[in-house]
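Taken together, the values in this text are just the output of simple stated rules run on the coordinates, not laboratory data. The structure displayed is predicted, hence computed values, not measured ones. Neighbour counts are summed over all protein chains in view; Cβ atoms, including those assigned to glycine, are modelled from backbone coordinates with ideal geometry.
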Amino acid sequence: MKNVLVIHYSQSGQLTEIVNNIVSPLTSDAIQVDYHEIKMEQPFPFPWKEKDFYGAFPETYQQIPQKVKPISLDILNKKYDLIILGYQIWYLTPSIPINSFLNTTDAKKILKNTPVITVIGCRNMWIMAQEKMKKKLLDLEANLVGNIALVDRHINHISVITIAKWMMTGKKERYLGIFPKPGVSQKDIDEAGKFGSILLKHLKENNFNNLQDAFLHANAVKIKPFLVLTDKRANILFSKWANLIQSKGNKNSKKRAFWVKFFSYYLLFAIWIIAPIVFILFLLTYVFSIHKIKKDRVYYSSVKYIE
Ligand SMILES: Cc1cc2nc3c(=O)[nH]c(=O)nc-3n(C[C@H](O)[C@H](O)[C@H](O)COP(=O)(O)O)c2cc1C
């Protein structure tokens, strides 16, 4: 008998649907699948109000945990053969709910010496967040054996518009009837079961050594070099912005609210003005960076962590 635990959190239900489809091939007499849905003591709103959406930035980026509801004793006292950890990215960082959960003593207990597969459902910027996740799992002495990242496949600027609309309205619909649907496509969500079939084979053999290679053959991850570059640069700037906003007082302070607003304008400027310029520079220097790009592609597709 194998025991698998699925840990998940999702505001819209998208990530929950993805992990459910991934585990569907595992349901058999020989495998017991348990679920833990992360619940915040103070839930985040969905749909978001603009002020809360941007206001969540400093604490998300600085990975400051908040209170989560405890895990059930049945789960806590069990030893799992595999944990599937579904998470979304907020501001290039694992979301506050997932980060808060990973900071609990419960998480420490169940993740220690346990194989883990991370499942990401996000817009498209997950690379550096996964590096943060790799480090966190290493600190928890968990053993990362696989990663699946499902993203919005539309071009970057289109997905910025459609996801923002989705987050503010709560409706995963075609904006104005002309934009594509936001988020991970229904086709990719429906086909996520293919990863479960791969997983099943490795779980039965009790050998996860080549799991990530098998996932990669099934397109579990697609690395886009320009997004890697943007993600790294934006992390440097986000760290300065997060410190600046934090220094302006607590969440109720007017000064902080002013700087959060300013940050929201800066984000628009960065997305619509800076990013296209960086993209042109990226294209111009592409041939000189091919070696680095190839190396990055291998590393960021893998479950290895190099500090
Ligand atoms: C506050 C906030 C910030 C986000 N930042 C990012 C980001 O940096 N990169 C990204 O790819 N997606 C980002 N997203 C999209 C989420 O990763 C995710 O796709 C979306 O919230 C739907 O997830 P759900 O399963 O919780 O509904 C962000 C979403 C929110 C709410």
Calculated from DSSP helices alone, with each H run of at least 4 adding -39500 (n - 2.57) and the total divided by the residues of the chain, [θ]222 nm to the nearest 500 comes to -14500 deg cm²/dmol
Each label sits 7 Å from Cα toward the beta-carbon; between ILE290 and LYS304 the label points are separated, in nm, by 2.2 nm
Beyond 26 Å (Cα-Cα) in this structure, taken from LYS171/LYS224; LYS232/LYS294; LYS172/LYS248; LYS78/LYS187; LYS67/LYS136, we find LYS171/LYS224; LYS172/LYS248; LYS78/LYS187
Excluding residues fewer than 8 positions from LYS201 in its own chain, the lysines with Cα under 21 Å of it are LYS2, LYS79
Which residues qualify? For TYR35, with a placed amide H closer than 5 Å and at least 5 residues away or on another chain, they are VAL6
Of the candidates TYR61, LEU268, ILE22, the farthest towards the positive dipole end of the chain (Lys/Arg Cβ +1, Asp/Glu Cβ -1, centred on the Cα centre) is LEU268
Karplus-derived 3J(HN,Hα) from phi for region 12-17 (6.51 cos²θ - 1.76 cosθ + 1.60, θ = phi - 60°), whole Hz, x at Gly and Pro, runs 8, x, 4, 5, 5, 5
The alpha-carbon center of region 106-127 and that of region 207-227 are separated, in whole Å, by 15 Å
Sorted by chain and then number, the residues having a modelled amide H within less than 5 Å of the amide H of LEU82, at least 5 places away or on another chain, are ASN3, LEU5
Most exposed first, judged by fewest Cβ atoms within 10 angstrom, THR114, THR285 run THR285, THR114
The FRET efficiency for LYS222 and LYS79, from their Cβ-Cβ distance with R0 = 51 Å and rounded to 0.05, is 0.90
The answer for GluC sites (Glu not before Pro) in region 106-201 that fall in a DSSP coil and have at most 11 neighbouring Cβ atoms within 10 Å is GLU141
When ARG174, ARG256 are arranged by how many other beta-carbons sit within 10 Å of their Cβ, fewest first, they go ARG174, ARG256
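In what sequence do PHE258, PHE263, PHE179 fall when counting other Cβ within 10 Å, fewest first? Before the final figure, lay out each step's value.
Working: PHE258 12, PHE263 19, PHE179 15.
So the ranking, lowest neighbour count to highest, is PHE258, PHE179, PHE263.
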Ordered by number, the trypsin sites (Lys or Arg not before Pro) in region 8-83 that occupy a DSSP loop and have at most 11 other Cβ atoms within 10 Å are LYS49, LYS67, LYS79
Quick calc, region 2-223, dipole around Cα centre from Cβ unit charges on Lys, Arg (+) and Asp, Glu (-), nearest 20 debye, gives 280 debye
Distance in nm between LYS204 and LEU138 label points, each 7 Å along Cα→Cβ, equals 3.5 nm
